[in-house]
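The values are calculated or read from the model by the stated rules, or taken from the named source; none is laboratory data. Because the structure is predicted, anything quoted here is derived from the model rather than measured. Here the Cβ positions follow ideal geometry from the backbone for every residue, glycine too, while neighbour counts run over all protein chains shown.
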Amino acid sequence: MGRKNICKRLVVAAVGLCLGVAATASAAEDPSIPDALAVIHSRKSVRHFTGQPVSADLLNRIVRAGMAAPTAVNMQPWSFVVVTDRAMLDALAAGLPYAKMLDKAGAAIVVCALPDKAFQKKTEFAIIDASCASENILLAIEALGLGGVWTAAYPDPERMDLVRKVLGVPAEVIPLNVIPVGHPDGTDQPKDKFHPENIHLEKW
Ligand SMILES: Cc1cc2nc3c(=O)[nH]c(=O)nc-3n(C[C@H](O)[C@H](O)[C@H](O)COP(=O)(O)O)c2cc1C
């Protein structure tokens, strides 16, 4: 490895370190900075729940956060199905291979993408926009002291059909995911995914 390359790597590592420290310090130590960063860094996929129900008020606040997400040309091409009925949650768990944690979740939010309402009626925009809403939902869940996890429906045709069938979602609507929501039992913890080598300074 040439000297120039070594220097570049050192600079990237140093900036990475600063960014890492800044993320921790800002959330923990500077009261003038809202604690959004603390929520972002503490969010994790929660797959272990206590089985307690989730109140309608909390679910309402979570879905509102989803609707605050950005969308291409502000088209908001989405709908949200909020499920609390145990029989429905069990039917989703039975049909979705990687959503078995629904058995102890208090609720599920199914984020649906609507290509017909998306900018240029493009499925890609609908999926991107609904994904933005999904991340907002996951962050709101964390901020409210609850736990959640994105379990995939899209792009698997069988899983999307199962969700459509169980919840009566129209054929032209894409069920993007099923997000079980519940009270975490404390098992799941955030992962450190900060890798300075994934940052390119000024140029790739
Ligand atoms: C598009 C997408 C699909 C996912 N599908 C599933 C799933 O079906 N079941 C599941 O348990 N987790 C699923 N996850 C959660 C990921 O496994 C998880 O986000 C990843 O392991 C990183 O862990 P973290 O969320 O705790 O940071 C999915 C996440 C995304 C973004």
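Restricting the search to region 40-62, which residues are within 13 Å of the ligand (Cβ to nearest atom) and within 12 Å of VAL181 (Cα to Cα)? It would help to see each step written out before you state the result.
To start, the set of residues in region 40-62 that are within 13 Å of the ligand (Cβ to nearest atom) comprises 40-49.
Residues satisfying the conditions are SER45, VAL46, ARG47, HIS48, PHE49.
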Any residue at all in region 131-154 that is farther than 23 Å from ARG43 by Cβ and of a type outside the set (A, V, I, L, M)? no
Looking at ALA65, ALA72, ALA107, ALA94, which one is away from the ligand (no atom under 16 Å from the Cβ) and over 26 Å from GLU124 (Cα atoms)? ALA107
VAL111, sole failed condition from (1) assigned to a helix (DSSP H, G or I); (2) surrounded by 22 or more Cβ atoms within 10 Å (Cβ to Cβ): (1)
Pairs, first in contact (Cβ under 8 Å) with a residue 12 or more places away in the chain in region 156-169, second in a helix (DSSP H, G or I) and surrounded by fewer than 19 Cβ atoms within 10 Å (Cβ to Cβ), C-beta under 6 Å, six or more apart: LEU162/GLY95; VAL166/ALA91
List, please: which pairs have Cβ atoms under 9 Å, are six or more places apart or on different chains, and start with a residue in region 85-110 that is on the phi > 0 side of the Ramachandran plot and end with one that is part of a loop (DSSP other than H, G, I, E, B) and at pLDDT 95 or above? none
For residues that are surrounded by fewer than 19 Cβ atoms within 10 Å (Cβ to Cβ) and more than 22 Å from CYS132 (Cα to Cα), tally how many sit in region 149-166. 3
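Just to be sure, is VAL169 within 13 Å of the ligand (Cβ to nearest atom) and either of a type in the set (D, E, K, R) or out of contact with any His (no Cβ under 8 Å at 6 or more places or on another chain) (or both)? Lay out the reasoning, then the answer.
Numbers: within 13 Å of the ligand (Cβ to nearest atom): no; either of a type in the set (D, E, K, R) or out of contact with any His (no Cβ under 8 Å at 6 or more places or on another chain) (or both): yes.
Considered against the rule, which asks whether it is within 13 Å of the ligand (Cβ to nearest atom) and either of a type in the set (D, E, K, R) or out of contact with any His (no Cβ under 8 Å at 6 or more places or on another chain) (or both), VAL169 comes out as no.
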Exactly one of (1) outside the structural domain of VAL166 (by TED's automatic domain parsing); (2) out of contact with any Ser or Thr (no Cβ under 7 Å at 6 or more places or on another chain) is unmet by LEU92. Its number? (1)
Check region 124-135 and report whether any residue there is part of a helix (DSSP H, G or I) and without any contact (Cβ under 8 Å) to a residue 24 or more places away in the chain. yes
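Condition test on ILE199, is it touching a helix residue (DSSP H, G or I) at 6+ places or on another chain (Cβ under 9 Å), closer than 29 Å to VAL73 by Cα and not assigned by TED's automatic domain parsing to the domain that holds ILE62?
In short, yes.
Output the residues belonging to region 57-102 that are among the polar types (S, T, N, Q), closer than 22 Å to VAL46 by Cα and not in a helix (DSSP H, G or I).
Of all residues in region 57-102, those among the polar types (S, T, N, Q) come to 60, 71, 74, 76, 79, 84.
Filter again for closer than 22 Å to VAL46 by Cα, leaving 60, 84.
THR84, the sole residue that qualifies.
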Of all residues in region 190-204, count the ones that are surrounded by 10 or more Cβ atoms within 10 Å (Cβ to Cβ) and either under 16 Å from GLY145 (Cβ atoms) or of a type in the set (S, T, N, Q) (or both). 1
Restricting attention to region 129-142, which residues are within 12 Å of the ligand (Cβ to nearest atom) and under 12 Å from ILE174 (Cβ atoms)? ALA130, SER131
